[in-house]
Amino acid sequence: MDLTGLTYVSIRRPSRHTDPQEDLNRIQEASRLNNQRLNITGVLLCTPNHYIQFLEGEEKVVMDLFAKIEKDKGHYNVKLRHSAVVDQRQFPDWAMNVVSIDSINQALYGIQDTSSDVNPYHLSSDVLFGLLSSGAKQTLIAQTEVA
């Protein structure tokens, strides 16, 4: 059983019926439940206009999940940026954690700014993974400070 890591990017399709935070909460809760059952871990970065997601797990399961994600109506222009066999999980304790662009700005620049965006289509897969990792670390720091 090969462990695979996959990164994709997409453009968010705003919902007319709920605010963006409600959409994000719904995605996070559904992902956690499904991913626990499938033994998938990962992280989702949400910016004002884009999603950047890293998934990891058994290769067939990850690829099947990605095929479903591609068809999801909550986003479009879904592009697989990287897929490879990995030695170990990068986010072993996260069935799915969501990080915001604010977490990235705090980690990289020490500022809070929820309005900034990044165009993930112009970034390498290494930079995308770096953004996800920075946001994940900042989220853990914030969660620790609250507790």
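The values are calculated or read from the model by the stated rules, or taken from the named source; none is laboratory data. From a predicted model like this one, the values you see are computed outputs, not experimental measurements. Glycine gets a Cβ as well: all are built from the backbone with ideal geometry, and neighbour counts include every protein chain shown.
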- Options 141, 101: the member that is touching a Pro at 6+ places or on another chain (Cβ under 8 Å), modelled with pLDDT under 85 and surrounded by 10 or more Cβ atoms within 10 Å (Cβ to Cβ): 101
- Message: Can you say whether residue 69 is at pLDDT 85 or above and either assigned to a loop (DSSP other than H, G, I, E, B) or within 13 Å of the chain's Cα centre (by Cα) (or both), as far as the supplied structure shows?
- Response: yes
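Conditions tested, residue by residue: (1) part of a loop (DSSP other than H, G, I, E, B); (2) at pLDDT 95 or above; (3) surrounded by 14 or more Cβ atoms within 10 Å (Cβ to Cβ); (4) touching a strand residue (DSSP E or B) at 6+ places or on another chain (Cβ under 7 Å).
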site	(1), (2), (3), (4)
33	no, no, no, no
36	no, no, no, no
52	no, no, yes, yes
65	no, yes, yes, yes
78	no, yes, yes, yes
- Task: Would you be able to say whether some residue in segment 118-126 is in contact with a Phe, Trp or Tyr (Cβ under 7 Å, 6 or more places away or on another chain) and at pLDDT 85 or above?
- Result: no
- Task: State whether one or more residues within segment 1-18 are at positive phi and in a strand (DSSP E or B).
- Result: no
- Message: Being surrounded by 16 or more Cβ atoms within 10 Å (Cβ to Cβ), in contact with a Ser or Thr (Cβ under 6 Å, 6 or more places away or on another chain) and either of a type in the set (A, V, I, L, M) or within 15 Å of residue 125 (Cβ to Cβ) (or both) is the filter here; which residues of segment 80-94 pass it?
- Response: 81
- Task: Filter segment 9-31 down to residues that are buried (at least 17 other Cβ atoms within 10 Å of the Cβ) and modelled with pLDDT under 80, then give me how many there are.
- Result: 2
- Message: Anything in segment 67-76 that is among the hydrophobic types (A, V, I, L, M, F, W, C) and out of contact with any strand residue (DSSP E or B) (no Cβ under 8 Å at 6 or more places or on another chain)? List them, or say none.
- Response: 67
